[in-house]
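Encoded as structure tokens, the structure appears first; notes follow it.
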Amino acid sequence: MDVLQPLPAREILLPGESLASFLGRTSEAMGYESVGRLLGLIPDRTDMAANVNQLAPGVAIEALSYRLKRSPEALLDMTVHRFASLLVLSEAGNSPASVCDRKTILRYFSASSPICPQCLSEDVTPYDRLYWSLRPLPLCTQHAIILIAQCPACRRRLRPTRDHRIKCRCGLDLRKADAAPSGATASKLVHQAEAWLRDQRSPLCGMSTAACFWWVDRLAKAVSETATWLEYSSHELRISADCSTESLAWLAALDILTNWPDRLEDFLEESQRIPKHKETPPGVARAFRKLLQPAVHLERLGFSAPADALRSYVLRRYPTGHRSKKDGLFQSTKSGEVKIRPWVTPATAADTLKLPYGTVVELIERGVLAGTVGETVLGGRSVGLVSRDSIIELKRALTSATVPRESPQGLGLSGQSVIDLIQATKVTTHSADRSTVLEPSTRF
Ligand SMILES: [Zn+2]
Ligand SMILES: [Zn+2]
């Protein structure tokens, strides 16, 4: 067979069709026994992706372009790279990407090829939409049903390059497959998200579409580890029990973004109530552990909305200020408010005074520093608080050439006693020594 000849059967491109679907229909029209035969006509398949919907610019696309008499651009528009400018995260102000990298593909695109049975039923020519493979959008908004990713009869995953659009390998007519209803609220959420992609809009002020979806991905991961929130979302969004945990987490994350920032704060509150296990990191870290670094990362790229929301939550939720600068949220120049907070952690006090943590605790207990140790707050966790003013005063006294005989702030001990106390507790300024005595509740 002459490999250089265009194929005689050339199907019409359908709106939003995936490349795999187009090749499948072309293969059927050619009377081939499988799509594999059509793909076998590509002479050099070294850059051939396992999933043709992920095919990047290269010789395979060029060969298909010639075979199918379509421009390479038209074919690439049927692959995941169509969404590159909207989903590949890049620094604010940079020109958008034209090709999806591997991480972006894994993050947002399903390896299978989910379908809407009702869309296939209504199609004059049944075909797969590229949108159906987007993991954050697990519904058909037109029919308000959850997309099907595996055959209900044989449980096989629906492959992008299946030989027939409407028939599974087991023989089941996919148009007759039962699909669970998604509920109007969830459908509306996905409809909005589709609009973000279609119209290149962003739901959060100052954020690119890619930054928003990147954040939704992180929210979905945090949500998927919070069983009570999944349950709540399932009820609130009226999602069928047939919906997978992954899809439910994506929908719950879209819900958080759509109802920003109130729903985020509700979620953070709920995540604080998860029973603490031995291995669970202490502090307010549970949901933050998943969200904090991503928020800081986005802020460094020029997208501050998530970090702003987390800062606002922390400052209002913990008004006495046991949060330290360790969390990275307060290291930016925009967050000056933390510097004027009246209370800090004992660990921060120890850092500021260059004293061991134990010494700071003793100074608090003796009243040299104003504050508390081991105060129990949320979820039975204990935190300490130290007055910033008293730290400043003590620091001034310790560095002064003339130590006053009595503390002008009435802290209860004379300046000499403070020095005696500090000397008695073998003061060291080595930070390595301090790090070994930080109590767990102050670590982030
Ligand atoms: Zn549909
Ligand atoms: Zn089947």
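Read the figures in this text as sums done on the coordinates, not as results from a lab. All values derive from a computational prediction rather than experimental measurement. Because the Cβ atoms are built from the backbone with ideal geometry, glycine has one as well, and the counts that use them run over all protein chains shown.
On the beta carbon distance between Ala92 and Glu33, with R0 = 56 Å, the FRET formula returns roughly 0.65.
Estimate the FRET efficiency between Ser312 and Ala111 by the formula 1/(1 + (r/R0)^6), using the beta-carbon distance for r and 35 Å for R0, to the nearest 0.05. Provide the component values of the computation, followed by the final result.
Working: r = 38 Å, r/R0 = 1.09.
Result of the calculation: an efficiency of 0.40.
Over 27 Å between Cα atoms: which of Lys188/Lys221; Lys290/Lys354; Lys103/Lys221 fall into that group?
Values: Lys188/Lys221 21 Å; Lys290/Lys354 31 Å; Lys103/Lys221 15 Å.
Lys290/Lys354, as the Cα separations exceed 27 Å there.
If the segment from Asp173 to Gln192 were pulled out straight at 0.36 nm per residue, it would be longer than the present Cα-Cα gap by 3.7 nm.
Once you reduce segment 38-101 and segment 123-166 to the center of their Cα atoms, the two points are 21 Å from each other.
The trypsin sites (Lys or Arg not before Pro) found in segment 121-230 that occupy coil by DSSP, while having at most 15 further C-beta atoms within 10 Å, are Arg155, Arg156, Arg169, Arg201. Scaling against 2.2 N^0.38 Å puts the C-alpha radius of gyration of segment 126-202 at 1.19.
Per residue, the convex hull spanned by the alpha carbons of segment 148-243 comes to 146 Å³. Placing pseudo-labels 7 Å out from each Cα toward the beta carbon at Arg273 and Thr185 gives an inter-label distance of 1.6 nm.
Given R₀ = 45 Å, FRET efficiency for Thr245-Glu365 by Cβ-Cβ distance, to 0.05? Spell out each step's value before the answer.
Working: r = 48 Å, r/R0 = 1.07.
Calculated transfer efficiency: 0.40.
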